[in-house]
Amino acid sequence: MDKLVIEGGFPLEGEVCISGAKNAALPILISSLLSDEAVNLQNVPNLQDIETCIDLLSELGVSVNHQDNACFLKANDVNNFDAPYDLVKTMRASILVLGPLLAKHGEAKVSLPGGCAIGSRPVDIHIKGLELMGAKIIIDKGYISASTANLPNKKLQGCRIFMDQVTVGGTENLMMAAVLAEGITILENAAKEPEIVDLGNCLIKMGAIIEGLGTDKIKIQGVSSLKETSYKIMFDRIEAGTFMVAAAMTGGHVICNNVNPEEMESITQKVKESGAKVEVSENSISVTGNKKLESVKIITAPYPAFPTDMQAQFMALNVVAEGVSEITETIFENRFMHAQELIRMGAEIDIKQNTAITKGNNILTGTNVMATDLRASASLVLAALVANGKTTIERIYHLDRGYEKLEAKFNALGANIKRLN
Ligand code: EPZ
């Protein structure tokens, strides 16, 4: 297994090109299942999760041509409707094939994703929504078997769905299912993340009729078929946020290019509160670190509030900044595993239920640490960039799932990171 060896103490200086968003690319790749026509995507990030998603789509019979950051898909010959456990367990977003397969082919058999390091992450809202649209769903031996055989024209029926909890994946699954359903579907209490808006905009380019993207009420008028489409995936706001925190922590100056600052507000606000200087232009954000950072109070919540995917990164900032602060995680029940590893580097963190009290002003010391999940890995990289001496991060396959060429991008900014395998 690969590991990263990071020598701390180098302020980051320079410009970084932010890649396409993993969490927009995954549902948009999967949305190709809804169409018989070609879907030509640009700005697709080269990540392990993208490879896994392409493997799954290929297994279903989608023809996929993936070169650099472009991906051409055509799903006119899908002949297999089973998403097996070995693929779903490595990438939970595989559950998103459920809605499109049901909508297009009237059947799907998808492994329940099961839990993951950060929480149980059930998919009950996805399933309840599809049942309200008329699907017959049986859960047996860890698999979801779904069918529309008992419906008129074997088509899902549009209806009003109130989602008990704000769920990104649930909103995406049901929005895609509704695109080919008969009649109108209203998703109430929908998630508003920019990645959902990106998926919706791609679906609209394909010919879907969708209103209310970015609000908590999305209305979808079902259509009978979709057309050939080209689409450019939005930027990855979590990757951008990670580099912004790195600039603040190392006392450097980093310009993140290819971003939309308007979709970064909650992150930018917290970087500013830490004492770093932030300047925005139309498609870039520059951050100038400050020797005396202040720790910041974080409460994660659905967009437009502070994103849970940036919580671990700010915990790394808080432990080296001035002052005591608290980080409250409201989305997932077990997303503080990076804390134990940061403590091994010299951080002082007290965990009380879903709140971490961070004591600042710690001098971190490089040592061996272990990545436990994608964003925890990012937090350990950030800590290592400012720690005294060398840090070895094990199990960085977690990192490779969600960051494209991370060590190359950091080294181009002056970091000293080596990958050992
Ligand atoms: C998406 O996960 C992202 N993944 C996550 O990013 C992100 O942390 C999360 O949204 C929240 O923003 C992708 O987009 C591929 P949810 P998702 O459904 O869709 C509960 C990363 O690091 N829930 O919004 O799985 C659930 O348990 C990853 O890139 C139900 O109870 O998240 C959680 O507590 C990590 N029942 C909360 O809702 C359901 O049916 C939010 O989950 C669905 C969700």
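What follows draws every value from the coordinates through simple rules; no lab data is involved. Note that the structure is a prediction, hence the values are computed from the model and not measured. Cβ: placed from backbone, ideal geometry, glycine included. Neighbour counts: every protein chain shown.
For the range 42-176, the average shadow cast by the Cα convex hull is 8.7 nm², which is a quarter of the hull's surface.
Calculated mean residue ellipticity at 222 nm for the chain: -9500 deg cm²/dmol, from DSSP H runs with n ≥ 4 weighted as -39500 (n - 2.57), summed, divided by the residue count and rounded to 500. For the chain, set up a GNM with springs between Cα atoms under 10 Å and report which of Ile138, Ile184, Ile118 has the largest fluctuation. Highest fluctuation among the options: Ile138. Each part reduced to its alpha carbon centroid, the range 342-357 and the range 375-404 end up 17 Å apart. Among Ser147, Ser281, Ser31, the residue with the largest mean-square fluctuation in a Gaussian network model of the chain, with springs joining Cα atoms closer than 10 Å, is Ser281.
Charges were assigned to the Cβ only: +1 to each Lys and Arg, -1 to each Asp and Glu. The resulting dipole of the range 75-187 about its Cα centre is roughly 80 debye. Taking the Kirkwood radius as Rh and the Cα radius of gyration as Rg, the range 324-419 has a ratio of Rg/Rh equal to 0.97.
Taken about its Cα centre, the chain carries a charge dipole of about 360 debye when Lys and Arg each add +1 at the Cβ and Asp and Glu each add -1 at the Cβ.
Shape analysis of the chain yields a ratio of the Cα radius of gyration to the Kirkwood radius, Rg/Rh, of 0.98.
Comparing Ala93, Gly346, Ala305 along the charge dipole axis of the chain, the residue lying farthest to the positive side is Gly346, per the Cβ-charge model. Averaging 1/r across all pairs of distinct Cα atoms in the range 176-215 and inverting the result yields a Kirkwood radius of 10.5 Å.
Translational diffusion coefficient of the range 151-201 (Stokes-Einstein, Kirkwood radius from Cα pairs, 4 °C, 1.567 mPa s): 114 µm²/s. Put a plus charge on the Cβ of each Lys and Arg, a minus charge on the Cβ of each Asp and Glu, and nothing anywhere else: the dipole of the range 11-158 about its Cα centre is then about 660 debye.
What pairs in Lys292/Lys352; Lys291/Lys359; Lys141/Lys219; Lys89/Lys217; Lys277/Lys352 have C-alpha atoms more than 29 Å from each other?
Lys141/Lys219; Lys89/Lys217; Lys277/Lys352
How many angstrom lie between the Cα centre of the range 139-188 and the Cα centre of the range 1-40? Centre-to-centre (Cα) distance: 28 Å. When only alpha carbons are used to place a centre, the range 258-319 and the range 80-130 end up 32 Å from one another. Note on the range 164-274: dipole from Cβ charges, positive end direction compared against Ala240, His253, Gly169; the farthest Cα belongs to His253. Please name whichever of Ser58, Ala408, Ala383 sits farthest to the positive end of the charge dipole of the chain, dipole taken about the Cα centre and charges placed at Cβ: Lys and Arg +1, Asp and Glu -1. The Cα lying farthest towards the positive end belongs to Ala383.
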